[in-house]
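Enquirer: Provided herewith is a single structure, encoded as structure tokens, for subsequent inquiry.
Bear in mind that the values in this text are calculations on the coordinates, not laboratory data. Quick caveat: nothing in here was measured; it's all calculated off a predicted structure. Counting neighbours? That spans all protein chains shown, and the Cβs are built from the backbone with ideal geometry, glycine included.
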Amino acid sequence: MAAHPAGSTGGAPARPLVVLTDPSIHAEAVALLRERFEVLILDSYPSEERLAEAAAGASAILARLGTVTRRVIEAAPHLRIVSRHGVGVDAVDLAAATEHGVVVTNTGASNAAAVAEYTFALLLALMRKVPQADAGMRAGLWQRTPQVGGELEGRTLGIFGLGAIGGRVARQGLGFGMKILACDPHPPAIMPEGVRLAGREEVLAGADIVTLHTRLTDETRALIDARALAAMKPAAVLVNTARGELVDEPALIAALEAGRLGGAALDTFAEEPLAVDSPLRRMPNVVLSPHVAGQTGEALLRVGRAAAQAIIDELAGRRPANVHNPEAYGRRPAARSQ
């Protein structure tokens, strides 16, 4: 059951309504919003119909585990902002938001440290066979030979995307004694020392580990497809803590099943939750997690505060940080300015 806005009597709320797409937003962030607004919290991954219904009277949506479609935006005549809890804005119809004068924000680098650290948590678990060692011990076994893994030192780490997260991953990789190749069409002005920029094909062919830290766009969708997988070293591994749609999942499964790839560590998937019968769930050379790379107590607090502050600023008439479509301000009808 979805929660209901505090103080609501069934009619239009006396204060602006903010809709949260799931109940996992940090309590402190929710409290910041409740001080100023009516708050409606939905169940995780609400359907388009449910979110459109809930947003009908909303001035703001704080979106984490949910998709804000054109239908949702058009059902909300007073909507002024969709504040994304996290970095990606691909779960929002940006064109529809801009057309209707709705600004879309994200929370910048608030969870960059958490995601970068988790990238190595997954990679080390895969390379050192940590899940298998743990499962064996819990089963009463003491098997050492099957747990022989591989070291990171001396290996080449190929990074797609050198933003706030990718840059941290590069520096951490250097700390492990790795060689770093990176591909980014818009690299930072100051490159991390020890990182060499290269083209897509060179990164794929030269990396022992390929890790994804780029945004999902039309250009990056299926960045790792059958052709890319065929270009990688047969023993190479893939790590994805960015967006599931960056990877052609059927092609990845085929490559793993055929032994054309050493393994994969995946935190994000093309469709979430991951299907119960997905072949990925039964592969011993795959480490899986349920899109939790950014979930540390510290990061959830920072991201929740940032997402809430964007809403507070926008509804107070101040331009929030990290606006992705500033042109929306010039297209805002009078109904959304109140």
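Enquirer: How far apart, in nanometres, would the label points at Val276 and Glu99 be if each is projected 7 angstrom from Cα along the Cα-to-Cβ direction?
Expert: 3.8
Enquirer: Would you mind getting me the FRET efficiency between Glu153 and Arg221? Use the beta-carbon distance for r and R0 = 41 Å, nearest 0.05.
Expert: On the way: r = 34 Å, r/R0 = 0.82.
Once rounded, the FRET efficiency stands at 0.75.
Enquirer: Report ³J(HN,Hα) in whole Hz for each residue of region 75-87, in order, from the Karplus equation J = 6.51 cos²θ - 1.76 cosθ + 1.60 where θ = phi - 60°; Gly and Pro get x.
Expert: Computed from phi, the couplings for region 75-87 are 7, 10, x, 9, 5, 10, 8, 10, 9, 7, 7, x, 8 Hz.
Enquirer: Can I ask one more? Between Arg200 and Ala56, 0.36 nm times their residue separation minus their Cα-Cα distance comes to what? Could the numbers behind the result be given before it?
Expert: Working: separation 144, 0.36 × 144 = 51.84 nm, distance 4.42 nm.
Here the segment from Arg200 to Ala56 would lengthen by 47.4 nm.
Enquirer: Fully extended, how many nm does the chain gain between Leu301 and Ala230 (0.36 nm per residue separation, minus their Cα-Cα distance)? Please report the intermediate quantities before stating the final value.
Expert: Numbers: separation 71, 0.36 × 71 = 25.56 nm, distance 4.07 nm.
Computed gain between Leu301 and Ala230 is 21.5 nm.
Enquirer: Now for a separate question. If I stretch the segment between Arg171 and Ala189 completely, what's the gain in nm (0.36 nm per residue apart, minus their alpha carbon distance), one decimal?
Expert: Numbers: separation 18, 0.36 × 18 = 6.48 nm, distance 1.57 nm.
Residue separation times 0.36 nm, minus the Cα-Cα distance, leaves 4.9 nm.
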